[in-house]
Structure formats: C-alpha cells, structure tokens
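Structure record follows, encoded as structure tokens.
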Amino acid sequence: MLELETFQTVIQSTPLVSIDFIVRNTSGQILLGKRNNRPAKGYWFVPGGRILKDEVFNVAFARLVNQELGLEINSAQFKGIYQHFYDDNFSAEDFTTHYVVLAYELDVEQELLALPEEQHCEYQWVAEKELLLNPDVHEHSKWYFLDWKQADAKFI
C-alpha cells in the first residue's frame, strides 16, 4: 500500500487503470451502487476498482469481482476501453483524476446479498432505460449503455 503523499503524486502524474463491472441480473436490470468516496461521490455508479501495481490482470479481475460483488467469477464479456476524467480525486487536494477503464459485463443468476459498503453506501437494481434517464447516475456509468459516439468520445 502506498503512503498518502506518494499515491497523491501518482494520481496527479499518471492515469490509473481500473476494471468496471456492468452486472446484469436475470431480469436484465443493472446493479448500481451509490458512491461513498471521491471521485463521483454521491452518484450511482457501476461496481469496479483499480488494478494494483504488479498485479496480473486475471488476479485483479478475480480480486475485484470478489471485493465488489462477493462472487467468484473469472470470466465476463469485454465491453471496451473507456477513459474517465474527473475534476477531483480521492483526497481533499485540488487535482484531477484520470482512469483508463476496462469494462466487462457479468450476468448473475443469484441475488447479491452481502455487498460491501467500502465504496458504495447503497445498492439498487435498475432497468437500463431508467439508468440512462436518472440524473443521479454518473455519466461515466451511462456511457456503457450508449453508442461510443454518444459517449462524448471517451471510448477508445
């Protein structure tokens, strides 16, 4: 784990690489969590997280699925690579955050009963149409359901 000042320097200087999960239940609804932390604090967002330094992708994927969803899934459908730019960051300091995000869609057949509360304080299942119309759903999560040209050219 990096010290606070070192991690702040990393975020100020480089993009972070993360994985986001578009989790779809058997009814076709999407799982969203209300963010506890910056960036995107207070918005509904899909689950996901950062890949750690020297962490092999498969290990990162399995760790994040387990941490974010309490599941053991090792495969999903790749949706694409996105870039997320935020005006703020995890700390109170004044600098931006840039993520390069690998988006994956997961279909789940079970209810997710024990979801963690570290990153999200609440969870809900929503229909895709409802997600796109809700102003409290962060635009970066909406991009996963739009044509890349509509996603403000953030799709790579």
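Looking across the stretch 46-64 at every residue that is among the β-branched types (Val, Ile, Thr) and in contact with a helix residue (DSSP H, G or I) (Cβ under 6 Å, 6 or more places away or on another chain), the one that is farthest from VAL23 (Cα to Cα) is identified as ILE51.
Every residue in the stretch 10-29 that is of a type in the set (Gly, Ala, Ser) and part of a strand (DSSP E or B), please.
Restricting attention to the stretch 10-29, the residues satisfying the condition of being of a type in the set (Gly, Ala, Ser) are 13, 18, 27-28.
Matches in the stretch 10-29: SER18 only.
When ASP147 is tested against (1) at pLDDT below 90; (2) under 17 Å from LEU16 (Cβ atoms), only condition (2) is not met. Determine, yes or no, whether TYR144 is within 17 Å of the chain's Cα centre (by Cα), within 30 Å of THR6 (Cα to Cα) and surrounded by 18 or more Cβ atoms within 10 Å (Cβ to Cβ). Against the criterion (within 17 Å of the chain's Cα centre (by Cα), within 30 Å of THR6 (Cα to Cα) and surrounded by 18 or more Cβ atoms within 10 Å (Cβ to Cβ)), TYR144 does not qualify.
Given the criteria over 15 Å from GLU68 (Cα atoms), of a type in the set (Gly, Ala, Ser) and surrounded by fewer than 16 Cβ atoms within 10 Å (Cβ to Cβ), does ALA127 qualify? Show your work before the answer.
Working: over 15 Å from GLU68 (Cα atoms): yes; of a type in the set (Gly, Ala, Ser): yes; surrounded by fewer than 16 Cβ atoms within 10 Å (Cβ to Cβ): yes.
Yes; evaluated as a whole, the condition is true for this residue.
Restricting the stretch 1-27 to residues that are aliphatic (A, V, I, L, M) and free of Cβ contacts under 8 Å to residues at least 12 places away in the same chain, which is surrounded by the most Cβ atoms within 10 Å (Cβ to Cβ)? I'd like the intermediate steps shown before the answer.
So in the stretch 1-27, the residues aliphatic (A, V, I, L, M) come out as 1-2, 4, 10-11, 16-17, 19, 22-23.
Checking the rest, the ones that are also free of Cβ contacts under 8 Å to residues at least 12 places away in the same chain come to 1-2, 10.
Values: MET1: 6, LEU2: 11, VAL10: 13.
Filtering first and then ranking leaves VAL10.
Yes or no: VAL23 more than 29 Å from LYS129 (Cβ to Cβ) and among the aliphatic types (A, V, I, L, M)? Answer is no for this residue.
Got at least one residue in the stretch 118-132 being assigned to a loop (DSSP other than H, G, I, E, B) and at pLDDT 95 or above?
yes
The values are calculated or read from the model by the stated rules, or taken from the named source; none is laboratory data. Only a predicted model underlies this, so the values are computations on that prediction, with no experimental measurement involved. Backbone-built Cβ (ideal geometry, glycine too); neighbour counts: all protein chains shown.
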